[in-house]
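The values are calculated or read from the model by the stated rules, or taken from the named source; none is laboratory data. The shown structure was predicted, so the numbers you read here are calculated from the model rather than taken from an experiment. Here Cβ is always computed from backbone atoms with ideal geometry, including for glycine, and neighbour counts include all displayed protein chains.
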Amino acid sequence: NEIKIFSPATVANVACGFDVLGFCLDSIGDEMVIRKIDKKGIYITKIEGFDLPFETELNVAGVSALAMYEAVKPECGFEIEIYKNIKPGSGIGSSAASAVGSVFGMNELLGRPYNKTELTQFAIKGEALASKCEHADNLAPAIFGGFTLVKSISPLEILEIPSPEDLYATIIHPQIEVKTSEARAILPKEVPLQDAISQWANFGSLIHGLHTSDYNVIQKSLHDVIVEPYRSQLIPYYKEVKEASLDHGALGAGISGSGPSIFTLSKGLENAKSVKDAMNKVYSETGITFEIHVTKIN
Ligand code: HSE
């Protein structure tokens, strides 16, 4: 009547796929314990790692759990313990990991009444509490793994995109907080047609590159002409990290989600590690504390 789960971190947007594309970081994430209890209701009983609210309605994991609970109306309740490793506001899907973990665990304990898309639908409610808007580009990869494309939010449609065999991500997380709601507020409401054309050309070719494992096409597609110019200003040494990464073998680089984390994609572990060293060199000289992760994308 209890399940312990790992809820992974994720990278949303992936340069040209704002609000629709994301991938899963298999080796970074939170742990959660979900327990079935006799008393009805959803209760957050333990939170370790970061200071987050225990009130169910104010906690991202609680809100998504409630959405599912109200749909199922079971004769039991659930306790949720959260062991948070992903710093809130880090840009690698901290709120999404919480939102997904509770519904995934409850679904297992209830005998899997829901499929992955339906779980994502419940998790959207939790994610919306954090980012003040409904989007699923961090949620979908946390639930499905690998790369996912959120084709539509209403109705929710998610496509799984294959990952090339040798694709690795290197992520640097400067220890400063950027609130997703604020990073969204600075974006323009309208974009010039020419920028839109560049963006969807890159996006389409990135998806093609992922399907055909064409690293050259992936490299040429990892550009963001719409969001990066605004949000990069919120990230110290963004330009320097990006340039150093590209000089050391990265296929491309961009802002992870709403930042401040910066992601790169590389072909092969050796390149991904060289990028790590290059990022390390740039940030070591800044006085800002940071973490760097290298992970294969499955
Ligand atoms: N697509 C979202 C954004 C991801 O960039 O605002 C962060 O939650």
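At-a-glance table
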| quantity | calculated |
| --- | --- |
| Residue ID - nearest to the ligand (Cβ to nearest atom), chosen from residues in segment 252-270 that are closer than 19 Å to N298 by Cβ and surrounded by 24 or more Cβ atoms within 10 Å (Cβ to Cβ) | S256 |
| Whichever residue in segment 129-168 is more than 16 Å from A9 (Cβ to Cβ), among the hydrophobic types (A, V, I, L, M, F, W, C) and within 14 Å of the chain's Cα centre (by Cα) and, among such residues, is surrounded by the most Cβ atoms within 10 Å (Cβ to Cβ) | V150 |
| Single match in F23, F6 (criterion: of a type outside the set (A, V, I, L, M), modelled with pLDDT of 95 or more, part of a strand (DSSP E or B) and away from the ligand (no atom under 16 Å from the Cβ)) | F6 |
| Any pair with Cβ under 7 angstrom, 6 or more apart, that starts in segment 227-243 at a residue that is part of a helix (DSSP H, G or I) and among the β-branched types (V, I, T) and ends at one that is within 15 Å of the ligand (Cβ to nearest atom) and at pLDDT 95 or above | V241/I262 |
| A123 vs. criteria free of Cβ contacts under 8 Å to residues at least 60 places away in the same chain, crowded, with 24+ Cβ neighbours inside 10 Å, part of a helix (DSSP H, G or I) and within 12 Å of the ligand (Cβ to nearest atom) | no |
| Residues (among the hydroxyl-bearing types (S, T, Y), within 13 Å of L52 (Cβ to Cβ) and within 16 Å of the ligand (Cβ to nearest atom)) located in segment 75-96 | S94, S95 |
| Filtered residues of segment 174-205 (kept if within 14 Å of the ligand (Cβ to nearest atom), under 20 Å from the mean Cα position of the chain (by Cα) and not in a loop (DSSP other than H, G, I, E, B)) | T180, S181, E182, A183, R184, A185, F203 |
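Table: residues versus (1) among the aromatic types (F, W, Y); (2) surrounded by 13 or more Cβ atoms within 10 Å (Cβ to Cβ); (3) in a helix (DSSP H, G or I).
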| residue | (1), (2), (3) |
| --- | --- |
| I34 | no, yes, no |
| I42 | no, yes, no |
| I47 | no, yes, no |
| F54 | yes, yes, no |
| E57 | no, no, yes |
| G62 | no, yes, yes |
| L66 | no, yes, yes |
| E70 | no, no, yes |
